[in-house]
Each structure stands twice: as C-alpha cells, then as structure tokens.
1. Please list, ordered by first then second residue, the pairs with beta carbon atoms under 9 Å, 6 or more apart or interchain, first in segment 58-86 and in contact (Cβ under 8 Å) with a residue 24 or more places away in the chain, second crowded, with 16+ Cβ neighbours inside 10 Å and hydroxyl-bearing (S, T, Y).
2. Taking R150, is it surrounded by fewer than 17 Cβ atoms within 10 Å (Cβ to Cβ) and not acidic (D, E)?
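Just so it is clear, none of the values below were taken in a lab; they were calculated from the coordinates. This one's a predicted model, so the numbers in the text were calculated from it and none came from an experiment. All Cβ positions, even for glycine, are placed from backbone atoms using ideal geometry, and neighbour counts span all protein chains on display.
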Amino acid sequence: MEPQVAPLHAILELNTDLLLNCLDGLSEEDAFQQLEGGGNTLAFLAAHLTDTRHFLANRLGHPLANPLSRYLAQASSIADVVEWPTLAEQREWWRAVSRHVCDVVAGRTADQLRRPDAHRFPLGDSTELGLIAFLVQHDSYHIGQMGFLRRQLGKPAMSYTRAAG
C-alpha cells in the first residue's frame, strides 16, 4: 500500500466498524425515527454513506452494483425516499461495499493517487488522493452525526470497539 494512502485506509476501516456500532442495538423504529426538529435519520445516514462508498468505488474505476440505487435513485432528500431496506440489509450492503472500497484504496498506485482533476470537492487537492481524503472526512462527519442521533434517541454512546477478524 502506498504510504500516503495508508492512514486514509485505516480510517476507512475504522469508520466501517463505527457505522455498524452506531446501528448496534437499534430497532427498525429507532433507525427510522426523525427527531422533533427534523433532519436525517440513522437509517438515512447509513444509506447515504453506503451510497457514497459506491460512488468512491466507481470514481476509482472499480464499480460495484449498488443495491441502494432502487431506493435512492429518485430522491434528493430524505422526504423523497418512499421505500427503505431493512437495517439487516443495510448492514450487509455496508460491509460489502466497505470491503470492496478498502481493497481498491489499498491497491492504488502512486501514479493513480496523483491523477489530476479526479473530483470537484471543496479541497485544494483535486487528485485521486484528495478525492479519497475528502470522502474519508465525509464518512467521519456523518458517523459523528449518527453518534449524536443515537444519544438523542436515548441509546448508549457509540462504541469505539472494533470488529473481530
């Protein structure tokens, strides 16, 4: 693995576990509950992050069929989603795309990571490495939201425990 991508890869792996920890112990009702002030639900954020990892795999030239497409294709916000997968399905899809993305990121060459104009996100670095860095930060931002929502639902704080194996 290229040294410049190794810390980002480690955070991708950590965030894979943290999203699952955010969903740990939630019922379907909990996951789809919107707080009184509105905003995203835990289920929506999990779907969004899974979809984003599919986007990253695609941008890196290794697309993976996205089972969320049928749920999110016509949606520009949470209000537009009319049907949802179960939490069990979301966990399964998150694990699958996360394994795939981690493998793809780990296999990037220095030349690939320097590829210019790989994205248009708000970073000065528009290389492929910048794309990966932005989406790792994006994961972390939304996982923080998920941890906050858990607490607002009266659940224990998200755990930093790691998956076995």
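1. Within 9 Å, the pairs are N66/T50; P67/T50; L68/T50; I78/T41; V81/Y71; W84/Y71; P85/Y71.
2. So R150 fails the test.
Residues are listed down the side, and each one gets a yes or a no for (1) within 30 Å of E128 (Cβ to Cβ); (2) surrounded by 14 or more Cβ atoms within 10 Å (Cβ to Cβ):
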position	(1), (2)
E2	yes, yes
L19	yes, yes
T52	yes, yes
L56	yes, yes
R70	yes, no
V82	no, no
L87	no, yes
